[in-house]
Amino acid sequence: MFKKISNYIQEVQIELKKAQWPWNNEEHGIARFKELWNSSLVVIIAMLLIGGYISFFDFITMNIIGFLTRP
């Protein structure tokens, strides 16, 4: 069982070395993560826009249904 776990960890390490990470190893400090920061910022802005869009139409739909179902 320990042999399987050890083999799994070695394979994961090999695959992680093959991966292309979203930062530049030649740069140092926070500039190293510029691409990662930009990608994260795009995702956060997209989440806020989609959340606002869904909230707006949810509000409108609730008011229309509320108006139509009033006694």
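Between the residues V43, Y8, I54, the greatest Cα displacement towards the positive end of the dipole of the chain, with unit charges on the Cβ of Lys, Arg, Asp and Glu, is found for Y8. Restricting the GluC sites (Glu not before Pro) of the chain to loop positions (DSSP other than H, G, I, E, B) with no more than 16 neighbouring Cβ atoms within 10 Å leaves E26, E27. Translational diffusion of the chain was estimated from the Stokes-Einstein equation, with Rh taken as the Kirkwood radius over Cα pairs; at 20 °C and 1.002 mPa s the coefficient is 125 µm²/s.
Near K34: Cβ cut-off under 13 Å, other residues only, Lys/Arg at +1 and Asp/Glu at -1. The net charge is -2. The Cβ shell under 12 Å around E11 holds other residues with a net charge of +2, Lys and Arg each +1, Asp and Glu each -1. The sum of -39500 (n - 2.57) across all DSSP H runs of n ≥ 4, divided by the residue count of the chain, sets its helix-only mean residue ellipticity at 222 nm to -26000 deg cm²/dmol. Maximal additional length on extending the I14-S40 stretch stands at 6.7 nm, based on 0.36 nm per residue less the C-alpha distance.
Rule-based calculations on the coordinates, nothing more; no lab input. Treat the numbers as computed from the prediction; the structure is a model and nothing was measured. Backbone-built Cβ (ideal geometry, glycine too); neighbour counts: all protein chains shown.
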